[in-house]
Each structure stands twice: as C-alpha cells, then as structure tokens.
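The values are calculated or read from the model by the stated rules, or taken from the named source; none is laboratory data. The shown structure was predicted, so the numbers you read here are calculated from the model rather than taken from an experiment. Every residue, glycine among them, receives a Cβ derived from its backbone with ideal geometry; neighbour counts consider all protein chains shown.
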C-alpha cells in the first residue's frame, strides 16, 4: 500500500571536481575544473599565478562553440576536456594579462577550434567587484526611482490637499461675503431676500449697452458682480431701475452700496 506521507525524493545539483594536466613545452600545468548545476569554473595554475573563468555552460555553447556542445551537460563537457588533454590537443596561449585555453573539437568530419579566455586572478577579482558595483548601482537606481515615485506621489497628494483647502477657504469666504451682502440688502430695504436670479452676463450675453438694457432695463433691486482685467472682484447693489432714457441721467439711491469681494468689505 502506498504511503502518502513518505518524503518525495529531491534531485540536487551534482557537484563535480576534476583536475586535468596540460602538457606543453616540457612542462605540466594543472587545470582545475569544478561545476554545480549549469555553472562551470576554470582555475589554471601558470607561472605561480592563477587564471580563472566562472561561467555557465550555456555561454560556452552559445559564444565559444557555436552550439557544438548543445546536448552536453557540465559532466559531459569536463569528460570531453579530459579526453582532449590526453590526446595533447589542449593547449595554453599566453596573452598580455590573461590566458586562453585552446582545444579542438572534431564534429562531423570538421575540426572546430575552441578558445576560452581565463582572466588573471587579480583582474578576475576586479571584474567581480565591478559586477557587484554594477548590480549595486542597478539596485540603487531602482531604489531612487521608487523614492522619486513615492516623493512625487506625496507631493501630488500634498498639492491636492492644499488645493482642496484653498477651495474650502474660498468657498467659506464666499459664503461669508454672500451672507454680508444679503444682510446689508435686507437691512437697507427692510425686506427678506429669498433668492437671486441671474439676469445678464456680459461674457455670455454680449458686452454691449443694448444687450444689457434688453435684459436689465426697468428692473430694480439688482446686484452687480464685476471681475476686472486685473483680476479684482467687486460690485454693488442698486435698488432703483436701470434706464437709458436720457444721457447723463442719474437717480439718487439711498439704499445703494458698493462692496469688495477681495477685501471682504461693504
């Protein structure tokens, strides 16, 4: 009977360590190979120095061998290097600072020359530090972007809050001013203001005397609101009728008053 609680076997990445002797110019050099998973590390002792390359087998397949070792695992590739070394077809090429491991791979009656560059240990460490710094820079830039987004969001929220507060202040001031004007009209006229009805708006009805009098002529108890080109807001109340019967004709109005919306004064 099957035990459902039995542990499931896990497949772990196998670690491989191999040492290959390269014979060249009456000397022997040790090439240490190690791998875990798809990553493989080369370490060569040469003239009291170490030369290193740590890479994935995929990179070697793609960049070095034109997919010659397409179906090779790291274990297969290391075994292949061992056989090449035994045939003395694995050699070292000295460069100015680095080394190149060079070998032949005869595939389908054609010999492919494979070269893998190993870095001097000092340069390898510098490259590692450089990669770390690059990664840290990427992470730092990411954090900066996150902080900038957060900052922009907070700034926008603050702007919206200030805008809303200003709107509320303007609304409150407007309500206060409306109440002052209403009380002043009721005080002077000894009547109750029930509602305001818009008769005329210059920007909508046309900015001319004819348009004005066609809508306001003969009507009394009117409130005028003005916004100037200089953004000043003011107005007045007139209890007498508007007329254009005579030029330079004025009517006394003891109930009339002026007000400033900007200064909140009557």
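Worth pointing out:
- Residues in segment 241-250 that are part of a loop (DSSP other than H, G, I, E, B) and either modelled with pLDDT of 90 or more or touching a strand residue (DSSP E or B) at 6+ places or on another chain (Cβ under 9 Å) (or both) were compared, and the one that is farthest from residue 191 (Cα to Cα) is 244.
- Condition check for residue 104: closer than 26 Å to residue 49 by Cα, surrounded by fewer than 16 Cβ atoms within 10 Å (Cβ to Cβ) and within 40 Å of the chain's Cα centre (by Cα): no
- Among residues of segment 12-38 being in contact with a helix residue (DSSP H, G or I) (Cβ under 7 Å, 6 or more places away or on another chain) and in a strand (DSSP E or B), the one that is surrounded by the most Cβ atoms within 10 Å (Cβ to Cβ) is 35.
- Residue within segment 154-173 that is surrounded by 10 or more Cβ atoms within 10 Å (Cβ to Cβ), free of Cβ contacts under 8 Å to residues at least 60 places away in the same chain, under 54 Å from the mean Cα position of the chain (by Cα) and within 30 Å of residue 50 (Cα to Cα) present: no
- Qualifying residue in segment 106-121 (condition: in contact with a strand residue (DSSP E or B) (Cβ under 9 Å, 6 or more places away or on another chain) and part of a helix (DSSP H, G or I)): yes
- Residues that are out of contact with any helix residue (DSSP H, G or I) (no Cβ under 9 Å at 6 or more places or on another chain) and in a helix (DSSP H, G or I) were ranked within segment 188-221; the one that is surrounded by the most Cβ atoms within 10 Å (Cβ to Cβ) is 216.
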